[in-house]
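Beneath this line is the structure, given in C-alpha cells, with notes to follow.
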Amino acid sequence: MNNSLKNNPQKILNGEVHNWYRIALGFSDQLVNVMLDRFELKPGDLVFDPFLGSGTTLVECKKKGIKSIGIDANPSSYFAAKVKTNWSPNVSKITELAKLVKKNYSSLMKRQAGFKTDATYKYLDESGMIERGWISPKPLQKSIYLKKAILALDTPKKNKDLLLLALIDEVVADASNVKFGPQLYCIPPKKNAEVLEGFLARVEKITKDLKIVKKLASTESEIYLGDSRICNSIIDPAPLITAVICSPPYPGEHDYTRHARLELAFLEEVTDRKTVQLLKRQMIRSSTKNIYKGDNDADLVKENPLLVSIVERINKKAKKKTHGFARLYSTVVLEYFGGMKRHLQNLHKMLPSGAQCAYVVGDQSSYLQVHIPTAKILAGIVSDIGYQFVEIVPWRTSWSSTTSKKVKENILIFRKI
C-alpha cells in the first residue's frame, strides 16, 4: 500500500476496481474526480449517474465515501457496475473458488461435452458472429467451459458474478478477435488463446484490489436497470440528489449494444434478434441501427432552430446518397436530442433546487460530415426546460476514424434552479 493511502484511506488514484472491466466508450475516473472536487462533494452527499456504463462514477464516489446511485439500460453495463461496487466478497474465498474453477474447467475440457448446446455458443453461431470472426472456435470453447465451471460453483451469486466479470474481461480484451477504434472491428483470427491463464491473472488482480478497497469506509451504491429517459419513474421516490455526473451516449452512429455483444452473449442476456431489439428500444437513439417505427422523441425538439438547420443540411447531402441509411441520419439526430430532452425533463422532476450537473458529451460529424455541436445544443435544451446553464468546459480532443477529423469533447455544466 502506498503512503498516500495510509495517510488518507479514501484517496485511491491508481485505477483500483476500474480496471476490472472497462467499456470502450467509457470516460475516465480522473474526470470524475475533477467534477467531485469542483462540486465540493463530500460524505453525506449523493451523486446520480443516469448513464452509468461500467460504473466509473459510482466506483470513484465509493472510494471517496460519497453515496451514489446509477441507471443503465444495457444489462452488461448494469452487471459490471453491480460487481464493481460490491466489495463484500471474501478475498480468501475468491482465491479458493478460482482454484476450484480451474479444476472444474480441466474436467470439462477433457470430456468435451455440452459446448455447442450452450446458450452463448448457439447465439454467437446463429447470429453469424463466429463466422465473421468475432472469436475463434478454440478460444470460444475454452471461454464457454470456463463459464460453465463458474456457474456450477456452490457459492453465493456475488462470488460467481465477480468471477464471471473476470472471465468477460478476458474474453473481450484477449481471447476474442474484437478491437475498438472507437468503432468495433475484428483483427485476423487467433488460432488459440490462453484463456484460463488470463482469467486467473484477472482474478488475482481483483483480489489485490479488494484487499485495498476493503480498508475504506463502507458507502452505499444503488444500481438500477432501465431506460434513463424515464429515470424519475425508475427511481421513485427520488432520494435527495446533490449532483449528477455522467457521460450519455453520443449522436455518432454508435450501436452501444454491438460494442457489448460478446458480454451480453456470455451473460446470456441476448439469445436472438428479438432480445437485441428489445434491449435497443430501451436506449436513447444514437444510431441508424436502433431507429424503430413508433419512435417519437423527435417531436420534443422538431422546432429547435439549431437542430432544424442541422437536419436541413444533412437531408440536402443525403439526397445525393444511394444507400438507405443516409435517409435515416436526420431522424437519428432528432431522436437523439429528443431522447436527451425527455431524460432531462424527467431528471428535472427528481432534483432538488441547487443540484449541480456535469454531462460529458462529444461534438460529432458522423452524418455526412455535418457538424453537430452536442454540448451547445444540449445547453439550449436545459435552459428551455428550466435549468440554469453554467458553462461548457473543454475536456479533450479525440480523433474520429469515421470522418478523419478531430472531435471535441466537452463537459456541459448546469444546475437545477
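The table for this structure:
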| item | result |
| --- | --- |
| Residues located in the range 181-200, provided they are part of a helix (DSSP H, G or I) and surrounded by 14 or more Cβ atoms within 10 Å (Cβ to Cβ) | V195, L196, G198, F199, L200 |
| All positions within the range 363-390 that are surrounded by fewer than 20 Cβ atoms within 10 Å (Cβ to Cβ), in contact with a Lys or Arg (Cβ under 6 Å, 6 or more places away or on another chain) and under 14 Å from V311 (Cβ atoms) | L368 |
| Condition met for F27 (of a type in the set (F, W, Y), in a loop (DSSP other than H, G, I, E, B) and either at pLDDT below 95 or within 23 Å of A173 (Cα to Cα) (or both)) | yes |
| Qualifying position, being within 25 Å of the chain's Cα centre (by Cα), over 27 Å from K280 (Cα atoms) and modelled with pLDDT of 95 or more, among V393, V333, V360 | V393 |
| Checklist (1) among the polar types (S, T, N, Q); (2) within 20 Å of P182 (Cβ to Cβ); (3) part of a loop (DSSP other than H, G, I, E, B) applied to Q282, failing item | (2) |
| Members of the range 270-303 found to be surrounded by fewer than 20 Cβ atoms within 10 Å (Cβ to Cβ) and more than 19 Å from I230 (Cα to Cα), listed by number | T271, D272, R273, K274, T275, T288, K289, K293, K302, E303 |
| Flag for A152 being under 30 Å from V91 (Cα atoms) and touching a residue at least 12 places away in the same chain (Cβ under 8 Å) | yes |
| Criterion violated by S92 - all others in (1) part of a helix (DSSP H, G or I); (2) surrounded by 14 or more Cβ atoms within 10 Å (Cβ to Cβ) satisfied | (2) |
| Of the criteria (1) among the hydrophobic types (A, V, I, L, M, F, W, C); (2) crowded, with 24+ Cβ neighbours inside 10 Å; (3) more than 15 Å from the chain's Cα centre (by Cα); (4) not assigned by TED's automatic domain parsing to the domain that holds V17, which one A80 fails | (3) |
| Flag if A149 is under 17 Å from E194 (Cβ atoms), surrounded by 18 or more Cβ atoms within 10 Å (Cβ to Cβ) and among the small types (G, A, S) | yes |
| Considering residues of the range 92-126 that are among the β-branched types (V, I, T) and more than 15 Å from P137 (Cα to Cα) only, the residue nearest to the chain's Cα centre (by Cα) | I94 |
| All positions within the range 120-135 that are surrounded by fewer than 18 Cβ atoms within 10 Å (Cβ to Cβ) and over 17 Å from K274 (Cα atoms) | I130, E131, R132, G133 |
| R396, sole failed condition from (1) out of contact with any strand residue (DSSP E or B) (no Cβ under 8 Å at 6 or more places or on another chain); (2) without any contact (Cβ under 8 Å) to a residue 24 or more places away in the chain | (1) |
| All positions within the range 374-388 that are among the small types (G, A, S) and either outside any helix (DSSP H, G or I) or without any contact (Cβ under 8 Å) to a residue 40 or more places away in the chain (or both) | A375, A379, S383, G386 |
| Residue, nearest to A175 (Cα to Cα), within the range 131-141, restricted to residues that are under 26 Å from the mean Cα position of the chain (by Cα) and part of a helix (DSSP H, G or I) | P139 |
| Selection status of L97, under 26 Å from V17 (Cα atoms), at pLDDT 95 or above and out of contact with any strand residue (DSSP E or B) (no Cβ under 6 Å at 6 or more places or on another chain) | yes |
| Number of the condition not met by I212 [criteria: (1) under 23 Å from the mean Cα position of the chain (by Cα); (2) closer than 19 Å to E60 by Cα; (3) in a helix (DSSP H, G or I)] | (1) |
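The values are calculated or read from the model by the stated rules, or taken from the named source; none is laboratory data. Worth saying up front: this structure is predicted, and the values here are computed from it rather than measured. We place every Cβ from the backbone using ideal geometry, glycine too, and count neighbours over all the protein chains shown.
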